[in-house]
Ligand code: GUN
């Protein structure tokens, strides 16, 4: 079997086009364009690229963006003061602080400092709590993007056995909740998990989000499985690799996401959906 590719680039372009049309329609009803504030702390080169992609996508769909680049040396109180200013700014519907943050800043305190109605990353305990309960709210972008990829590819989730590799707050944990709500049976694997290949072999759906290049081997994967690769790892030769050994796994899987061009663009598309959703929630059309 050779897997069908799930084209995240193309699907993300559709989503961005839809957001653009909804932003235009909203403006036609006399509402302002949604506004997204993005804070980048320090000089992490990967963060610089991710933030640039997010700002470019805003421009493509008519979302106003406000970029705040602050030095590594910023103190936690000063960063929280900036967030507080953005919380009170009516032109800002969404606030995103790109992670990781320098060691002297407590990222939990930063997440807690964002107004939950502007938390377009979906990381605030309020929004994570709502996701846990299956209630509407702002949902973390990467897992939301994975769910959109699966839906748009016509891949059923109900009743499937899903194995998630990685338990981060950004991907693994919220991914487990999304898939659980969609009717999958969930196993979350992590650095302490025993017999990992056996667990992967039991899965109809594998989501790899552990940050280790080409970690998931072809021989582990069940024939006909769906494999979603969230990893973006920079190799020594400068090329990118996912968390999955793509060439070997594609020989066994039914569906697979490439890296790049799979989950990555969907994170950005979901961010724009969340920003529009935040604007609509904060300033709804009167009925
Ligand atoms: N760093 C890696 N992924 C993300 C994300 O989805 N949001 C933010 N804010 N930082 C990240």
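Every number here is computed from the coordinates shown, using simple stated rules; none is lab data. Because the structure is predicted, anything quoted here is derived from the model rather than measured. Cβ placement follows ideal geometry from the backbone for every residue including glycine, while neighbour counts extend to all protein chains displayed.
At a 10 angstrom cut-off on C-beta neighbours, averaged per residue, how do the peptides 103-111, 12-20 rank from highest to lowest?
Numbers: 103-111: 14.1, 12-20: 17.9.
So the order, starting with the most tightly packed, is 12-20, 103-111.
Across the chain, what fraction of all alpha-carbon pairs, as a whole percent, falls in each successive 10 Å bin from zero upward?
7, 28, 34, 23, 8, 1
Show me 21-29, 114-122 ranked by packing, highest mean number of other Cβ atoms within 10 Å first.
On the way: 21-29: 13.6, 114-122: 23.4.
Order by mean packing, descending: 114-122, 21-29.
Residues in region 257-276 near a label at residue 151, defined as backbone nitrogen under 16 Å from the 7 Å Cα→Cβ point?
266-276
To the nearest 0.05, what FRET efficiency results for residue 48 and residue 2 with a Förster distance of 35 Å applied to their C-beta separation? Present the calculation step by step, with values, prior to reporting the outcome.
Details: r = 36 Å, r/R0 = 1.03.
It comes to 0.45.
In whole angstrom, how far apart do the alpha carbon centroids of region 159-212 and region 1-50 sit?
26
If we count other beta carbons within 10 Å of each Cβ, what is the order of 58, 189, fewest first? Intermediate values should be presented prior to the final figure.
Values: 58 26, 189 21.
The order, fewest Cβ neighbours first, is 189, 58.
Counting other C-beta atoms within 10 Å, which of 99, 165 has the fewest, and how do the rest follow? Show your work: numbers first, answer last.
Details: 99 17, 165 29.
Ranking 99, 165 by Cβ neighbours within 10 Å, fewest first, gives 99, 165.
Using alpha-carbon pairs under 8 Å, 6+ residues apart, how would you state the relative contact order of the chain in percent?
Working: 569 pairs, mean separation 66.0, N = 287.
This gives 23 percent for the chain.
Hey, quick one: spin label on residue 91, modelled 7 Å out along Cα-Cβ, who in region 22-49 has an amide N within reach, i.e. under 14 Å?
It comes to 32-38, nothing else.
Report the percentage of all Cα-Cα pairs in region 20-77 whose separation exceeds 12 Å, rounded to a whole percent. Walk me through the numbers before you get to the answer.
On the way: 1145 of 1653 pairs.
When all Cα pairs of region 20-77 are counted, 69 percent exceed 12 Å.
So for the pair residue 31, residue 235, with labels modelled 7 Å out along Cα→Cβ, what separation do we get in nm?
4.5
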